[in-house]
Amino acid sequence: MLPASEPRVELVLYVNPTSAASLKVRTLIEKALHDFDASAVVFEVLDVSREVLRAAEDRVIFAPTLVKKRPEPPAWFVGDAGGQMVATLLAACGVEKAR
Amino acid sequence: MTEVRKLALGVPGFDVISNGGIPEGRSTLVAGRSGTGKTLLGLQVASHLARSGVNTVLLAVEEPPEDLITCADSLGLDMSGAIRAGTIVVSDVTRPMDGPMVVSGEYDISGLMHRVEYLVKQLGARALVLDSVTALFSPRPPAELLRSLFFQLVHGFRKMGLTSVLLAEGAPDSASVTTLGVEDYVCDMVVLLRNVFDAERRRRSIEINKYRRSAHYKGEYPCAITSRGLTIFPLDARENGGERAAERYSSGLPALDAMISGGLLRDSIAIVRGPTGSGKTLLAGLYARAGALRGERVSYWGFEEPRAVLLRNFAAIGMPMEDLEAKGLLKVTCSYPEAMGFEDLLVQLRNRLEDYDPSLIVLDSISSIEHSLSDKAFRQFMVGLASMLREHRRSALLTQTIQGGSATEHTAPYLSTIADMILALDYSPDDFDLNRTIRVLKMRGSAHTQTACRLRIGEGGLNIEHFAVKQESTRRRSDLRSRQLEGLHVLVVEDYGDAREATVAALLRDGADVTAVGSASEALEAAQQHAFDAIVCDLGLPDVDGYTLLERLRGGGGRGADTPAVALTGWTLPEERQRAQRAGFAGFLRKPVALDELRDMVARLAGASAAAPATRDGGP
C-alpha cells in the first residue's frame, strides 16, 4: 500500500504534438482525470521528440502511448486505448472520484 | 537512368548476385520464413558495415540485444568489440514483457523514429538493421494504418540518409512476399530467403526478387548457414580477373602429359569419366601425389571409400600418401555425401580453399554426390563448384562414374561445359584381355592425341601404352592363350565391389565360369554347393578374414577342402604372405594385379590340381 500522502497512480502519456491522434487521447485522459481525486494521480505528458531518453527508458516507440508506471506492474496503452481505459484503470487502482 | 550507389555487404556471394551490394541510402527488405537465416544475415550485414567504416544501428525487436550480440560473437563477427569501439549500437526495441500492452486505434512510430535519429546522431551512423518489421508491427494494425506506419518508417530512414536492411517474416504462400504484405512495395530492394524440402533434404536458397534501377542475378541461388554465417553460391562460372598464362603442370602420368601436349593447363577443371574399375581413382591419386611431390598443396576429397581403405589401396600400389600429408602438402578427406546437403559440402570446400589454400583439388567422385541429390540440386552443386574454383583460380580433377554405356558418350551438357578437359577411361575388351583404355575427349586451349591409348594398372599406379603399337603383339598372345580358363569353375571371394567386378570380368573373358561372393560365409555356402577348380580370395573380408576362410574350407572335409586357392590382396607384408601359405593358399597375388598374371596363376593352379583328380573334386 502506498502511504496516503503519496499519489496512488503515476501515469505518463507520450505524445507526438503534431499528431491528431495524440492530441485526442491527451484530451480524453485529461477529461477523465477531472472526475477523479487529483491528489491520488500524477499525470505527465511528454513529447517523444524532446524526451527521447525517457521514452527509450519507458520502452515507448509509438505515440500516443500511455504508460501506467505505478502501481506495478506497469502497463502500456498504445493509440486510443489510453483515452478509453483511463477511467477504468483509475477505478481499478482504487482512486476515488472527485467530490 | 542514374547509377545506384551500393554498399557491399561482405556476405560471401551476396555482392556477386546483387552486382555490388545493397542500395546506399535506401531500404532493403529481407523476407523469409522462420529458420531461413534472416537474423544471421542481418548480424553479418551490421558487422561487416561497421568494419567497413559504416557505423550501424541495430534495432532489436524480436530478440533482446544480448541474445543478438552473443549470436554474432559466436559467428566470429565480434559485435561486442564493435560496440566497444563505437561502430555499432544495439537498441532494445523488444516488446515490454513485465506488463500488458493494449493497442487500439491510431498511432504513429514517432517514438521509434526520434530514438533512431538520436542514435544516428550520437554514433554518426549511416546504416541501420531492423530485426524485424513483423515483430515491430505485432499485433498487425489494420491494413491502411500498417501501410502508413511502414511508409513512415522507410521514408524516415531515407530522410536520415540511412542505408537500411529490414527483416520480415516471409509469407507462407506465393501470393505476397511477407506476412504483413506491404513492405516490398516501398523498399528499393527485396531479397527472399527460402528453406525448402527437396528430394528428402532441406535446401536453402536466396533470390533477389526486386532491385530498383539495378541489374542483378535472377532466380534462386543456393546458400548455406555455416559456423561463419550465411554463405551464398552464385551459380555462374565467375572468372577472377587477370590474364592467364598457359602454364602447364604434370598429371602425374608422363604418357598422359604427352597425350595432351605437355600437361594440364593451370586453373582448369578436368573430368575423368569411366565405368567402375577403369582406373579413375588411381589416376586421381597419381594426380594428387604428383602435385604434392612438386611441393604444391593438394586437397583430395574421397566420397566412395573410408579414408583408411583409400590410403591403404594407394599405398598397396606404390603410391603412399601419409608422408605427403605429414608434410602438409596433401589433405585427404573422406566423407559420404549422403550425410550432408550439397550446400554444406560447398561450404566445406570453400572453407578448405580459404584455410588451406590448395592449388589442386580432387573430388572422387562427383557421381557419389549426384546419387544423393535431385537432378536440379546436382546441377546447382556442379555449377556452384565450378564457380568457386574459377573464382579462386584453382585447378581441379573430378572423377565421374559412368553407369552403363560408354565413357565417350554424351552426358549432362552442363558437365561438359564446366570441364576444360574430359578424359574417358574405358574397358576395351578383345578375345584375350580386359584392356583398359584412356582417351582425351576434350581439352580446351590445347592440342591433344585423338586416339585411345592403353592403360595398365601396375606398380606405381598407371601406365599408358600406345594402343596401335601394342595391338599386334596383344592379338598374337591372345590367339595363343585365349580361352585358357575354359572349362574351369572359379570362386571369387572379394568384398570390394569394384575389385570383384574387375576380377570376374577378367576370368570370364578367359573362358572361366565364375561364381562371385562378397564374404567368407557366402564362400563357405558356395563351396558346399559347387565343386570349384580354383578359388581367388581377398584376405580382408567383412565377417572373417581370408586365412580363416581357407582354414575352414580345408578343415571342413567337404567340397573345397582341396581346391587350390590364390590370395589376391592389398596386404603385402612378408608375414602376411607366410601366413597365407600356412593357411593353405597356393598362390599369392598383390592388388592391383595384372590380368594375365591372374589368369596364368589360376590356370597353373587349376591345371596342377587337375593332375590329381582325387583331390580336385574335393574330399576323400
Of the residues that sit in segment B:116-147 and are of a type in the set (Ser, Thr, Tyr) and open to solvent by 50 Å² or more (accessible area, probe 1.4 Å), which one is nearest to the other protein chains (Cβ to nearest Cβ)? B:Tyr118
Residues of segment B:413-444 that turn out to be touching a strand residue (DSSP E or B) at 6+ places or on another chain (Cβ under 6 Å), surrounded by fewer than 18 Cβ atoms within 10 Å (Cβ to Cβ) and either modelled with pLDDT under 80 or among the polar types (S, T, N, Q) (or both), as a count: 1
Filter pass, B:Arg84 being at pLDDT below 95 and among the basic types (Lys, Arg): no
Need at least 1 residues that are under 42 Å from the mean Cα position of the chain (by Cα), within 14 Å of chain A (Cβ to nearest Cβ) and not polar (S, T, N, Q) per element, so show me which helices (runs of 4 or more DSSP H) inside segment B:29-115 make the cut, counting only ones lying wholly within it. B:65-74
For segment A:23-32, indicate whether the set of residues that are at the interface with chain B (Cβ under 9 Å from one of its Cβ atoms) and within 13 Å of the chain's Cα centre (by Cα) is non-empty. yes
Inspect all residues belonging to segment A:77-98 and state whether any of them is out of contact with any helix residue (DSSP H, G or I) (no Cβ under 9 Å at 6 or more places or on another chain), at pLDDT 95 or above and under 21 Å from B:Arg95 (Cα atoms). yes
Somewhere in segment B:165-185, is a residue in a strand (DSSP E or B) and open to solvent by 40 Å² or more (accessible area, probe 1.4 Å)? yes
Checking the condition buried (at least 16 other Cβ atoms within 10 Å of the Cβ), within 29 Å of the chain's Cα centre (by Cα) and either in contact (Cβ under 8 Å) with a residue 12 or more places away in the chain or at positive phi (or both), which residue from B:Arg194, B:Arg158 passes? B:Arg194
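Please work out if B:Gln484 is open to solvent by less than 80 Å² (accessible area, probe 1.4 Å) and at pLDDT 75 or above.
Here the answer is yes, as B:Gln484 does meet what is asked.
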Give the residues of segment A:55-88 that are free of Cβ contacts under 8 Å to residues at least 24 places away in the same chain and either more than 8 Å from every other protein chain (Cβ to nearest Cβ) or open to solvent by 60 Å² or more (accessible area, probe 1.4 Å) (or both), sorted by residue number. A:Glu57, A:Arg59, A:Glu72, A:Pro73, A:Met85, A:Thr88
Give me the pairs, please: first residue somewhere in segment B:489-504 and within 15 Å of B:Leu282 (Cβ to Cβ), second residue anywhere and modelled with pLDDT of 90 or more and hydroxyl-bearing (Ser, Thr, Tyr), beta-carbon distance under 9 Å, and either six or more positions apart or on two chains. B:Asp498/B:Thr281
What's the number of the condition B:Ser47 fails, among (1) touching a residue at least 12 places away in the same chain (Cβ under 8 Å); (2) among the small types (Gly, Ala, Ser); (3) open to solvent by 30 Å² or more (accessible area, probe 1.4 Å)? (3)
Consider only pairs whose beta carbons are under 6 Å apart and that are at least six residues apart or on different chains; among these, list those whose first residue lies in segment B:332-344 and is over 17 Å from B:Glu305 (Cβ atoms) and whose second residue is open to solvent by less than 40 Å² (accessible area, probe 1.4 Å) and in a loop (DSSP other than H, G, I, E, B). B:Phe342/B:Leu373
Can you tell me how many residues in segment B:116-128 are within 44 Å of the chain's Cα centre (by Cα) and either over 27 Å from B:Ser227 (Cβ atoms) or modelled with pLDDT under 95 (or both)? 2
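Per-residue answers, yes or no, for (1) β-branched (Val, Ile, Thr); (2) open to solvent by less than 30 Å² (accessible area, probe 1.4 Å); (3) more than 21 Å from the chain's Cα centre (by Cα):
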| residue | (1), (2), (3) |
| --- | --- |
| B:Ala246 | no, no, yes |
| B:Gly252 | no, yes, yes |
| B:Ala288 | no, yes, no |
| B:Arg294 | no, no, yes |
| B:Trp301 | no, yes, no |
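Residue-by-condition table, conditions (1) over 23 Å from A:Leu23 (Cα atoms); (2) of a type outside the set (Phe, Trp, Tyr); (3) at pLDDT 95 or above:
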position	(1), (2), (3)
B:Arg95	yes, yes, no
B:Pro100	yes, yes, no
B:Arg140	yes, yes, no
B:Leu149	no, yes, no
B:Gly156	no, yes, yes
B:Lys159	yes, yes, yes
B:Ser164	yes, yes, yes
So B:Leu153 fits all but one of (1) within 21 Å of B:Thr94 (Cβ to Cβ); (2) open to solvent by less than 30 Å² (accessible area, probe 1.4 Å); (3) at the interface with chain A (Cβ under 10 Å from one of its Cβ atoms); what number is the exception? (3)
Scanning segment B:262-276 residue by residue, the ones that are open to solvent by 20 Å² or more (accessible area, probe 1.4 Å) and small (Gly, Ala, Ser) total 1
Considering only residues that are at pLDDT 90 or above and within 16 Å of B:Leu283 (Cβ to Cβ), look in segment B:304-318 and name the one that is most open to solvent (accessible area, probe 1.4 Å). B:Asn313
Considering (1) out of contact with any strand residue (DSSP E or B) (no Cβ under 7 Å at 6 or more places or on another chain); (2) open to solvent by less than 20 Å² (accessible area, probe 1.4 Å); (3) closer than 30 Å to B:Val11 by Cα, say which one B:Ile232 fails and leave the rest. (1)
Within segment A:10-21, how many residues turn out to be more than 8 Å from chain B (Cβ to nearest Cβ) and open to solvent by less than 20 Å² (accessible area, probe 1.4 Å)? 4
Would a scan of segment A:35-50 turn up a residue that is at the interface with another protein chain (Cβ under 10 Å from one of its Cβ atoms), of a type outside the set (A, V, I, L, M) and surrounded by 16 or more Cβ atoms within 10 Å (Cβ to Cβ)? yes
Give me the pairs: first residue in segment B:82-94 and in contact (Cβ under 8 Å) with a residue 12 or more places away in the chain and under 14 Å from B:Leu49 (Cα atoms), second residue surrounded by fewer than 19 Cβ atoms within 10 Å (Cβ to Cβ) and polar (S, T, N, Q), beta-carbon distance under 8 Å, and six or more apart or on different chains, which are they? B:Val89/B:Gln122
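So if I check each of B:Leu491, B:Leu553, which one is at pLDDT below 90, within 28 Å of B:Arg312 (Cβ to Cβ) and not acidic (Asp, Glu)?
Details: B:Leu491 fails: at pLDDT below 90.
None of the others qualify; the one that does is B:Leu553.
The values are calculated or read from the model by the stated rules, or taken from the named source; none is laboratory data. Small disclaimer: the values here were computed from a predicted structure and weren't measured. Positions of Cβ are generated from backbone atoms using ideal geometry, with glycine treated the same way; all protein chains shown enter the neighbour counts. The area values use the complete protein model at the heavy-atom level, side chains included, leaving out ligands, DNA and RNA. Shrake-Rupley method; radii C 1.70, N 1.55, O 1.52, S 1.80 Å.
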